[in-house]
Amino acid sequence: MIDIEGLEPVATFCGNCDCGCPQLFVDPTAPAERRVVLTDDFGQRVQMSADQFLSLVEDAKSGKLDAISTP
């Protein structure tokens, strides 16, 4: 399981089960380039800067990621 102690929760993606849904956190003690933390339900985590996360959000808002969610 992922250690989330000290991380500030931002969002949970899914939330309709007890399977360990992906979550988004901010790690206030991490270096700036690793402050945003995304965990998955397989025990992994990705750490990125706020700028990298902003780029991901902008791509999602512009529709660049829409093809991922369609079968």
When restricted to Pro31, Pro71, the only residue loosely packed, with under 10 Cβ neighbours inside 10 Å and either in contact with a Pro (Cβ under 9 Å, 6 or more places away or on another chain) or at pLDDT 95 or above (or both) is Pro31
Counted residues, the range 25-55 - those being among the polar types (S, T, N, Q) and assigned to a loop (DSSP other than H, G, I, E, B): 3
Counting just the residues of the range 1-25 that are at pLDDT 80 or above and acidic (Asp, Glu), which one comes out nearest to Val36 (Cα to Cα)? Glu8
Would you call Glu58 out of contact with any Pro (no Cβ under 6 Å at 6 or more places or on another chain), exposed (fewer than 12 other Cβ atoms within 10 Å of the Cβ), part of a loop (DSSP other than H, G, I, E, B) and not β-branched (Val, Ile, Thr)? no
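The values are calculated or read from the model by the stated rules, or taken from the named source; none is laboratory data. Model, not experiment: these values are computed from the prediction. Backbone-built Cβ (ideal geometry, glycine too); neighbour counts: all protein chains shown.
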